[in-house]
């Protein structure tokens, strides 16, 4: 935006696609930073990560048991166990290892390195656990074995070479690509980075999104309602939605319908915001103060432009969510999206415009910026009506198994209870005024 004063382009109707394209064209991915592993959770890698050392870095046991030579347990059975001399213990983290020679075994724990001379591991369940044995290594009838001597183990089954042994590099080899640039770091990716010895990683940080709602009628949950007041649900819904999109969300309590107070609040929040989201006050009512407040954000006391930003207020060919505002404010040209105040309008607008902006700030590829959509068959008792020239978004319940979607609640933009039971949005195009049961339509998946 080139002017600090808000633009009201209400003389024409913007399409949903035009508005989204305008938002995304103005949003740039955040600059990369180096973060500790746990701080990088949810962030997007900006560089390929290669494996510096093979995983596992040495042959190790996949079972608790005994490391043996295969020749010494060949033909072992319950009746004729192999009796081996135990030459030592090998625990995970062991440094100096015993050598397993003919007729010998080493007790070994899961994850411990395979000692020299050993070719396989027999699980402890295949043995007497070291509580039985014989005078010398070899095959003896179990019924004829002498009383157990310490330092011996009976093995009741044969083992193939490398059985129950995790080979060095069987997970990844040194030089392999561990994670590609563009990967979102979840718990498994954090685990892999730690396993290959990375303490920090270069990522795009999670965007900081400040959400504030406007309206003198709004009361915080937990407080008592008085005449004419309602609970503030929008700021909670949008802060939760921002977190769900991958952002760090800061919720600001409802701001009264006073332009100076709103202006001051917005200016105070700029220091911790990569994106600002307001809800309410963008329509044409007498107390719609967002337009009034934003007309002076970024101006000196004399009214001179000091930031070069501006907010464009416009009407969109959609239902719900017709009134929208978008632009940038403050010295860093922080993006701001002004959403309508009705709960459903606010949430639908977030999903269509704010969520993609957050995902773009994260540096995600275009394929992961928008919610996925599918084609589904309408399952309903009657046709769905839709206003001509408006793209309508109706709450729905999607059944992937049958490929159908059912309406949830009505089309009112205040019906937040219905929204809580929906998992999708049914999209009725601008040129369609009625959708008959059995018709196919686009469905945006919210879960």
Of the residues 84, 97, which single one is farther than 15 Å from residue 127 by Cβ and either under 50 Å from the mean Cα position of the chain (by Cα) or at pLDDT 95 or above (or both)? 97
Test set (1) out of contact with any strand residue (DSSP E or B) (no Cβ under 8 Å at 6 or more places or on another chain); (2) more than 30 Å from residue 27 (Cα to Cα); (3) not in a loop (DSSP other than H, G, I, E, B) - residue 192 fails condition number: (1)
Can you find even one residue in the range 200-213 that is farther than 30 Å from residue 179 by Cα and either modelled with pLDDT under 95 or surrounded by fewer than 22 Cβ atoms within 10 Å (Cβ to Cβ) (or both)? yes
Could you name every one of the strands (runs of 3 or more DSSP E) located completely within the range 68-125 that has at least 2 residues being over 19 Å from residue 166 (Cβ atoms) and in contact with a strand residue (DSSP E or B) (Cβ under 6 Å, 6 or more places away or on another chain)? 82-90
Take the residues of the range 304-330 that are in a loop (DSSP other than H, G, I, E, B) and at pLDDT below 90: which is farthest from residue 235 (Cα to Cα)? 304
Subset of the range 221-241 (residues that are touching a helix residue (DSSP H, G or I) at 6+ places or on another chain (Cβ under 9 Å) and at pLDDT below 90): 221, 233
Which residues, taken from the range 46-62, are in contact with a helix residue (DSSP H, G or I) (Cβ under 8 Å, 6 or more places away or on another chain) and at pLDDT below 95? 55
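Per-residue answers, yes or no, for (1) farther than 22 Å from residue 310 by Cα; (2) in contact with a strand residue (DSSP E or B) (Cβ under 6 Å, 6 or more places away or on another chain):
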residue: 207; (1), (2): no, yes
residue: 211; (1), (2): no, yes
residue: 221; (1), (2): yes, yes
residue: 230; (1), (2): yes, no
residue: 236; (1), (2): yes, no
residue: 244; (1), (2): yes, no
residue: 254; (1), (2): yes, yes
residue: 260; (1), (2): no, no
residue: 267; (1), (2): no, no
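One line per residue, one yes/no per condition, for (1) assigned to a loop (DSSP other than H, G, I, E, B); (2) surrounded by 13 or more Cβ atoms within 10 Å (Cβ to Cβ); (3) modelled with pLDDT under 95:
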residue: 356; (1), (2), (3): no, yes, no
residue: 360; (1), (2), (3): no, yes, no
residue: 367; (1), (2), (3): no, no, yes
residue: 375; (1), (2), (3): no, no, no
residue: 393; (1), (2), (3): no, yes, no
residue: 405; (1), (2), (3): no, yes, no
residue: 417; (1), (2), (3): no, no, yes
residue: 427; (1), (2), (3): no, yes, no
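The values are calculated or read from the model by the stated rules, or taken from the named source; none is laboratory data. Keep in mind it's a predicted model, so treat the numbers as computed, not measured. Neighbour counts are summed over all protein chains in view; Cβ atoms, including those assigned to glycine, are modelled from backbone coordinates with ideal geometry.
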